[in-house]
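One structure is given here, and the rest of the page talks about it.
The values are calculated or read from the model by the stated rules, or taken from the named source; none is laboratory data. In this text the structure is predicted, and so the values were computed from the model without any measurement. Here the Cβ is made from the backbone with ideal geometry for all residues, glycine too, and neighbour counts use every protein chain on show.
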Amino acid sequence: MSLIVFPAIDLKAGQVVRLAEGDMNRATIYGDDPAAQAMIFADQGAAYLHVVDLDGAFAGLSVNGDAVRAIVERFPGHVQLGGGIRDRAGIERWFDLGVSRVVIGTAALENPELVRAAARDFPGGIVVAVDAKDGMVATKGWADVSTVQVVDMARRFEDAGVAALLFTDVGRDGMLKGANIEATVDLARSVRIPVIASGGVKGIADIHILALHAKDGVEGVITGRALYDGRLDLAAALSVAMAA
């Protein structure tokens, strides 16, 4: 199975941005038309998108609904969405809008039964975000750090029917330090759930190495800033992901 490459579109006040280490005060604006950005990625060959409602992640309430709707209506592939999805109504709202998968982070730690019920009702549609700061799970837009270890949280959902785990090394996100490949692969080998890598991708080498670990359970990789800054060519990344 080949690695899935998810170009990232992070939304803040309706604009396309990237944060440094998840800090809302360290946002770089890359555009004010998220749907147009989605189509740029589609034209380069992307079949999947990872969209994050940053305002929702921090406030626990979506404020970028119109932007998400525009992306879903125009992008011809699959849209995976996260950020502030912490109750059943929020989950249903996004599926009704047409997203393919929703990502649940904070609520997965605080209300695991919500995830289990949603995974039963929306087969293949629920992704659990496991965001790590020094090996511990971070929540509420990475503003809080729990006392739960990443692998322990991941194992809680092994029999829940979730589609994937989205593993983010918060300290690397938006920093172009390189993906935390060792931690990603270790997690993938420790659980029976496919793992998506996120945070720090800086170039084609990261894509190539992660693609080699698809056999270990690494399902995909999310990349944002490297694409926007021109350090990674999406078409080349997709080609490498397919060839490994």
Picking from 218, 201, the residue that is in contact with a helix residue (DSSP H, G or I) (Cβ under 7 Å, 6 or more places away or on another chain), more than 25 Å from residue 17 (Cα to Cα) and not basic (Lys, Arg) would be 218
Residue pairs qualifying under the 9 Å Cβ cut-off, at least six apart or on distinct chains, with the first in the range 19-42 being of a type in the set (Lys, Arg) and the second being surrounded by 18 or more Cβ atoms within 10 Å (Cβ to Cβ), are 26/19; 26/174
Checking residue 146 against (1) at pLDDT 90 or above; (2) surrounded by fewer than 20 Cβ atoms within 10 Å (Cβ to Cβ); (3) on the phi < 0 side of the Ramachandran plot, the condition it does not meet
(1)
Regarding the range 23-46, can at least one residue be identified that is assigned to a loop (DSSP other than H, G, I, E, B), among the polar types (S, T, N, Q) and modelled with pLDDT of 95 or more?
yes
Is one or more of the residues making up the range 65-73 in contact with a Ser or Thr (Cβ under 6 Å, 6 or more places away or on another chain), of a type in the set (Gly, Ala, Ser) and more than 23 Å from residue 202 (Cβ to Cβ)?
no
For residue 116, state whether it is in contact with a Phe, Trp or Tyr (Cβ under 9 Å, 6 or more places away or on another chain), in a strand (DSSP E or B), at negative phi and among the basic types (Lys, Arg).
no
Please tell me if residue 85 is modelled with pLDDT of 95 or more and either buried (at least 24 other Cβ atoms within 10 Å of the Cβ) or part of a helix (DSSP H, G or I) (or both).
no
Can you tell me which residue is farthest from the chain's Cα centre (by Cα) among those in the range 49-71 that are farther than 14 Å from residue 12 by Cβ and surrounded by 20 or more Cβ atoms within 10 Å (Cβ to Cβ)?
71
So which residues in the range 94-113 are touching a Phe, Trp or Tyr at 6+ places or on another chain (Cβ under 8 Å) and either of a type in the set (Phe, Trp, Tyr) or crowded, with 23+ Cβ neighbours inside 10 Å (or both)?
95, 102, 108
